[in-house]
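Undergrad: Let me begin by handing over the structure; questions about it come next.
No value in this document is a laboratory result; all are computed from the given coordinates. Remember, it's a predicted structure, so these values are computed and weren't measured experimentally. Counting neighbours? That spans all protein chains shown, and the Cβs are built from the backbone with ideal geometry, glycine included.
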Amino acid sequence: MCLAIPARITKLEESQMAEVDILGVSRHVSLAMVPEAKLDDYALIHAGFAIQVVDEAYALETLEILKSVDGLLAAEAELLEGEAS
């Protein structure tokens with residue numbers, strides 16, 4: 001199973017590369033698969049490549065869902081740790 005994470009393009013670089021922001025973390029990714037991408041666009045990032053440009057509403061909604069899943073996983077891990085002791 002593959003997972004692509006929405007990220008905002010914060011800086012365009014040479015050779016179809018860009019800097020993106022993913023929940024406050026900066027990464028360098030290739031824009032070779034989405035040559036239409038522009039500064040401040042949101043794109044789905046997978047394995048160091050932007051694979052699709054998406055609208056801001058979709059990107060922000062997806063990021064909120066991912067954050068809530070992370071919170072659920074953390075809570076479940078705490079419950080499991082409590083049962084083990």
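Undergrad: In debye, nearest 20, what is the charge dipole magnitude of the chain about its Cα centre with +1 on Lys and Arg Cβ and -1 on Asp and Glu Cβ, if you could check? Before the final figure, lay out the partial values.
TA: Numbers: 5 positive and 16 negative charges, 61 e Å.
So the dipole magnitude of the chain works out to roughly 300 debye.
Undergrad: What does the net charge come to around Ser26 if you take all other residues with beta carbon closer than 10 Å to its beta carbon, with K and R at +1 and D and E at -1? If you can, show how the numbers build up before the last one.
TA: Details: positive: Lys11, Arg27; negative: Glu19, Asp21.
Taking every Cβ under 10 Å from that of Ser26, the sum is 0.
Undergrad: With the chain treated as a Gaussian network of Cα nodes joined by springs under 10 Å, which of Asp55, Asp21, Asp70 yields the largest mean-square fluctuation?
TA: Greatest mean-square fluctuation among the candidates belongs to Asp70.
Undergrad: Which one of Leu23, Pro35, Thr62 has its Cα pushed farthest toward the positive end of the charge dipole of the chain, where Lys and Arg give +1 and Asp and Glu give -1 at the Cβ?
TA: Pro35
Undergrad: In addition: Could you run the Debye sum over the Cα atoms of the chain, one equal point scatterer each and no solvent, and tell me log10 of I(q)/I(0) at q = 0.15 Å⁻¹, two decimals?
TA: Relative scattering, expressed as log10 I(q)/I(0), comes to -0.57.
Undergrad: Please compute the modelled spin-label separation between Val69 and Ser26, points set 7 Å along Cα→Cβ, answer in nm with one decimal.
TA: That separation, rounded to one decimal, is 2.7 nm.
Undergrad: Per residue, how big is the convex hull around the C-alpha atoms of region 11-56? Give it to me in cubic angstrom, could you?
TA: Details: hull volume 3.2 nm³, N = 46.
So the per-residue hull volume is 69 Å³.
Undergrad: With a 10 Å cut-off between alpha carbons and a GNM built on the chain, which of Val25, Val54, Val34 moves the most?
TA: Highest fluctuation among the options: Val25.
Undergrad: Could I ask something else about it? Relative to the longest principal axis of the chain, what angle (0 to 90°, nearest 10) does the C-alpha long axis of helix 56-84 take?
TA: 30 degrees
Undergrad: What nm value, rounded to one decimal, do you get for the distance between Glu56 and Leu80 when each label is placed 7 Å out toward the C-beta?
TA: 3.8 nm
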